[in-house]
Amino acid sequence: QVQLVESGGGLVQPGGSLRLSCVASRSSFSSYAMGWYRQAPGQQRDLVASITNGGTTNVADSVKGRFTISRDNAKNTVYLQMNSLKPEDTAVYYCNAKFGIVNFWGKGTLVTVSS
């Protein structure tokens, strides 16, 4: 079992920045592929960005050039740097850890982009 705790969400104005963090409870964190997903009200949960255990990243087209995912295995932490935020980025952001077919989820952190 892996527990994931997200932090860093909040209210930000359009054009602003936030950095989300997700801390994992397991020391085997470096073995997991990690990802950030988001879910807006009434919408499905979509992948925002992912990073493999080898450090290869993938970012959704909707956030490419604005969001960056990174990980620090020494701190069991994955980050999502979000720049140039838009109102349509408003959502609950969830951290995901994947090992084979097993998935673990955090409880999410709310990001609201509004003036």
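The values are calculated or read from the model by the stated rules, or taken from the named source; none is laboratory data. Since this is a predicted model, take the numbers as computed values, not measurements. A quick note on method: Cβ atoms are made from the backbone with ideal geometry, for glycine too, and the neighbour counts reach across all protein chains shown. For the accessible areas, the whole protein counts, side chains as well, though only heavy atoms, and no ligand, DNA or RNA atoms are used. Shrake-Rupley method; radii C 1.70, N 1.55, O 1.52, S 1.80 Å.
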Contact list, first residue from the stretch 1-14 and open to solvent by 40 Å² or more (accessible area, probe 1.4 Å), second anywhere and outside any strand (DSSP E or B), beta-carbon distance below 7 Å, six or more apart or interchain, is Gln3/Ser25; Val5/Gly106; Leu11/Ser114; Gln13/Ser115; Pro14/Leu85; Pro14/Lys86; Pro14/Pro87; Pro14/Ser115
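Pick out the one residue from Gly55, Gly65, Gly42 that is under 17 Å from Ser31 (Cβ atoms) and either basic (Lys, Arg) or assigned to a loop (DSSP other than H, G, I, E, B) (or both). Before you say what the answer is, go through the steps one by one.
Numbers: Gly65 fails: under 17 Å from Ser31 (Cβ atoms); Gly42 fails: under 17 Å from Ser31 (Cβ atoms).
Matching residue, one of Gly55, Gly65, Gly42: Gly55.
Taking the stretch 1-35, which residues are among the hydrophobic types (A, V, I, L, M, F, W, C), more than 13 Å from the chain's Cα centre (by Cα), over 13 Å from Arg71 (Cβ atoms) and not in a loop (DSSP other than H, G, I, E, B)? Spell out how you get there, then give the answer.
Residues of the stretch 1-35 among the hydrophobic types (A, V, I, L, M, F, W, C): 2, 4-5, 11-12, 18, 20, 22-24, 29, 33-34.
Now narrow it down to the ones that are more than 13 Å from the chain's Cα centre (by Cα): 2, 11-12, 29.
Narrowing further to those that are over 13 Å from Arg71 (Cβ atoms): 2, 11-12.
Once the filter is applied, which keeps residues that are among the hydrophobic types (A, V, I, L, M, F, W, C), more than 13 Å from the chain's Cα centre (by Cα), over 13 Å from Arg71 (Cβ atoms) and not in a loop (DSSP other than H, G, I, E, B), the stretch 1-35 yields Leu11, Val12.
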Looking across the stretch 53-104 at residues that are of a type in the set (Val, Ile, Thr) and modelled with pLDDT under 95, the single one that is surrounded by the fewest Cβ atoms within 10 Å (Cβ to Cβ) is Ile101
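Taking the conditions exactly as written (farther than 15 Å from Glu6 by Cβ, open to solvent by 70 Å² or more (accessible area, probe 1.4 Å), small (Gly, Ala, Ser) and at pLDDT 95 or above), does Gly42 satisfy them or not?
Values: farther than 15 Å from Glu6 by Cβ: yes; open to solvent by 70 Å² or more (accessible area, probe 1.4 Å): yes; small (Gly, Ala, Ser): yes; at pLDDT 95 or above: no.
No.
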Being open to solvent by less than 30 Å² (accessible area, probe 1.4 Å) and among the small types (Gly, Ala, Ser) is the requirement here; does Ser21 meet it? yes
